[in-house]
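Colleague: Let me give you the structure first, and then I'll get to my questions.
The values are calculated or read from the model by the stated rules, or taken from the named source; none is laboratory data. Predicted model only: the values in this text are computed from it and were never measured. Positions of Cβ are generated from backbone atoms using ideal geometry, with glycine treated the same way; all protein chains shown enter the neighbour counts.
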Amino acid sequence: MPDVHPLRSGDPERIGAYRLVGVLGAGGQGVVYQGLDEAGHQVAVKLLHPHLSHDKNATKSFLREVEAARRVAAFCTAAVLDVGLLDQQPYIVSEYIAGDTLQALVRSAGPRTGGALDRLAISTLTALAAIHEAGIVHRDFKPGNVLVGPEGPIVIDFGIAKALDSTTLASGPIGTPAYMSPEQFRGDRVTPASDIFSWAGTMVFAATGRQPFAGQTVPALVNAVLSERPDLSGMPAHLLDPIAACFAKDPAARPSAADLLRHLIRPAGPAPSPARSEPARVPVNDADTHPHQTRKMSRRVLIGGAAAAGAAAISALAVFRDRDRIPTPNAGEQHRGSSVTASPPPSPSPSPTASAEPFGTEIRGPIPLASGDGDPTAVTAAGAVVACGTSKGITFIWDANTTTLTRLGDRGPAVTSVAIGTHSGTQVVATGHTDGRIRLWSLTGAKLAVLRARDPIVAVFAGHRALAVSQKYDSLRDLHSVVRLTDIATGEQIGGTITDHFQGISGLAFGRIDQDDVLVTGDGAERIRVWNLSTGRLRHSFRTGDVGGIELLACGESDGRPILVSTHLDATLRVHDLVTGKSRKKWSFSDRSPDDRGAAALATGHRGDMPIAVVAHNPLGGRITVRIWNLRDGAVIGELSSAPGGATATVALAELTGRSVVVGATEDRTLHAWSLGRT
């Protein structure tokens, strides 16, 4: 549900016939208020910024364009109810939808999957078909203009970009660069085919949590849209061909909304043929066979018990102190785990005690997870104990010395993160879920506590205390986020409210400096902040560089000093001294593989006395490759070949018989352990 904030000083109390009761959000076009009409019905009132209209003729043109939008049929769209002027400042009144934007929903709850993704695609295409039937081109279709309400997805702000395009003093096209079509950048005629291009980009974001074209600056994005292939890794197989067809650079080669609808609602058949990045005309109503596609897993990746949430804004950090008394689970929340012994196929791999053990040898696995318990979403390890959470809310505990799994919990909200720590001298597992709850378990499966945060959990920490990080996007703060540290045992906030993360949290990790547990966050301005978890205060901050785009963070140790390891959207791996912020190393992925475009997972640890980073590299259009980097000199000491079950994009470092091994879950729902060789 969207937050409604009180009116601020300077906000009008009425606009036209509508009484304003709160503020829904603010952005580049204007401020959106919640209002009531004369009958008491809720409406949304957008008051545009004064600078967007420069003279009376332009204002009249704007009003005519918005009036045209009122012709659009109101199914799957927020109906435009009224348009007018407040002291020559244009406003638009539309139907009020009690829902979050798709942008905020994916940020808080993760990418859409399965039937939810299909319903989203069909509903938004239906809305576009209605908009186009009325002779309107949306021109700014994006995740922020799709509201997901109780009655399903609703498209908003259609036709507004056209009105602004003809009335503003700004040069260049109006729209959101990451989702604009090539013809919008070229200044060519904009047709309904432009919306189809933008719709495809929005569906990629919905399914993967990222934009279809990479670029940290507007020029880089423009170049990518005009000349590069979209990144379709992670898209479901049955959507690959339709989505690829929508990204044709030539508008005439794209299918219409009606054609796409006919394809998506037809009875299920064979999967479509492989996606082509630049199809001339891909017939979306043809069904071909399709080979198995690599599925890119969520970028909520655990780093030693922490999840890195790209571009995530955080609203609450909840700390559960390590005390003898812990909260009692709510009624109905009691559950004990069950132990099962997996029966993996015989493996020809050498045993862990073999005298010669080649790097990359699979020494454990595949260990299958229970059928129907969901896809792996998060993995972490402490010693030989491995914990793996799934999209169905189940957590599996695996003793990597054996093939025994302990199943924790019943099916429910997805596990977004998992951590292993201690409580009162006993090893415990903490799991975070999309319903905003953190659950604390014993290794035998006994549920010790159920704690409630206000928003979906993106990270958990279970060192000397159990800690949960929950996220929420604050639209009133535009490109900034809100961070709070709360002691769950007392319900009191620790430290002040933090509001200075530009573009939200773009990386997150837990570490230790001297005797203090710390939280490390990154943001869109390349700034790293280090927070004391006991006080909630900022210890210090530093920047990782002028460009690059922080992606994933992990804390580690090298030569007795705490370090921060980071991956970036410019395909680099960087190392900083965590205490001083001094840059120590920077290496490029792409000099080893030209197609590398960043990382899907990151973990840090040691191989003997060598500090290492385990990075699941994410090549454009290819299979994820897991490389192990020497953090002293940047050498890649080895690669893990793809498992027969598919890509490995959730990784951690465990310890067996006194040496480190890489553990991970593959897309066929199996767990594995790989040797790093004898040191």
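Colleague: Looking only at the stretch 226-243, count every residue that is out of contact with any strand residue (DSSP E or B) (no Cβ under 8 Å at 6 or more places or on another chain) and more than 17 Å from D118 (Cα to Cα) and tell me the total.
Modeller: Number of matching residues: 5.
Colleague: Of everything in the stretch 606-653 that's in contact with a Pro (Cβ under 8 Å, 6 or more places away or on another chain) and at pLDDT 85 or above, which residue is surrounded by the most Cβ atoms within 10 Å (Cβ to Cβ)?
Modeller: It comes out as L631.
Colleague: Something else: Only one of these is surrounded by fewer than 18 Cβ atoms within 10 Å (Cβ to Cβ) and either at pLDDT 70 or above or assigned to a strand (DSSP E or B) (or both): T535, T490, T521, T486. Name it.
Modeller: Matching residue, one of T535, T490, T521, T486: T535.
Colleague: Would you confirm, using the coordinates I've provided, whether A74 is among the aliphatic types (A, V, I, L, M), modelled with pLDDT under 85 and surrounded by 19 or more Cβ atoms within 10 Å (Cβ to Cβ)?
Modeller: no
Colleague: Could you tell me which residue of the stretch 355-406 is surrounded by the most Cβ atoms within 10 Å (Cβ to Cβ), considering only residues that are small (G, A, S) and out of contact with any strand residue (DSSP E or B) (no Cβ under 8 Å at 6 or more places or on another chain)?
Modeller: Among those residues, the one meeting the criterion is G372.
Colleague: Restricting attention to the stretch 538-579, report how many residues are among the aliphatic types (A, V, I, L, M), part of a strand (DSSP E or B) and more than 24 Å from T380 (Cβ to Cβ).
Modeller: The qualifying residues number 1.
Colleague: Identify, by number, the condition in (1) surrounded by fewer than 20 Cβ atoms within 10 Å (Cβ to Cβ); (2) within 24 Å of A601 (Cα to Cα) that G445 doesn't meet.
Modeller: Here G445 clears every test but (2).
Colleague: Please go through the stretch 551-569 and give me each residue that is more than 14 Å from N630 (Cα to Cα) and over 27 Å from the mean Cα position of the chain (by Cα), ordered by number.
Modeller: G560, R561, P562
Colleague: Residues of the stretch 193-212 being buried (at least 24 other Cβ atoms within 10 Å of the Cβ) and without any contact (Cβ under 8 Å) to a residue 40 or more places away in the chain, which ones?
Modeller: Once the filter is applied, which keeps residues that are buried (at least 24 other Cβ atoms within 10 Å of the Cβ) and without any contact (Cβ under 8 Å) to a residue 40 or more places away in the chain, the stretch 193-212 yields V204, P212.
Colleague: Now, a different point. Out of all the residues in the stretch 338-351, is one or more at pLDDT 85 or above, under 34 Å from the mean Cα position of the chain (by Cα) and surrounded by fewer than 17 Cβ atoms within 10 Å (Cβ to Cβ)?
Modeller: There is no residue in the stretch 338-351 that is at pLDDT 85 or above, under 34 Å from the mean Cα position of the chain (by Cα) and surrounded by fewer than 17 Cβ atoms within 10 Å (Cβ to Cβ).
Colleague: Does the stretch 404-413 contain at least one residue that is more than 28 Å from the chain's Cα centre (by Cα) and in a loop (DSSP other than H, G, I, E, B)?
Modeller: no
Colleague: Select from the stretch 374-396 the residues that are touching a Lys or Arg at 6+ places or on another chain (Cβ under 8 Å) and not hydroxyl-bearing (S, T, Y) and write down the one among them that is farthest from P111 (Cα to Cα).
Modeller: F396
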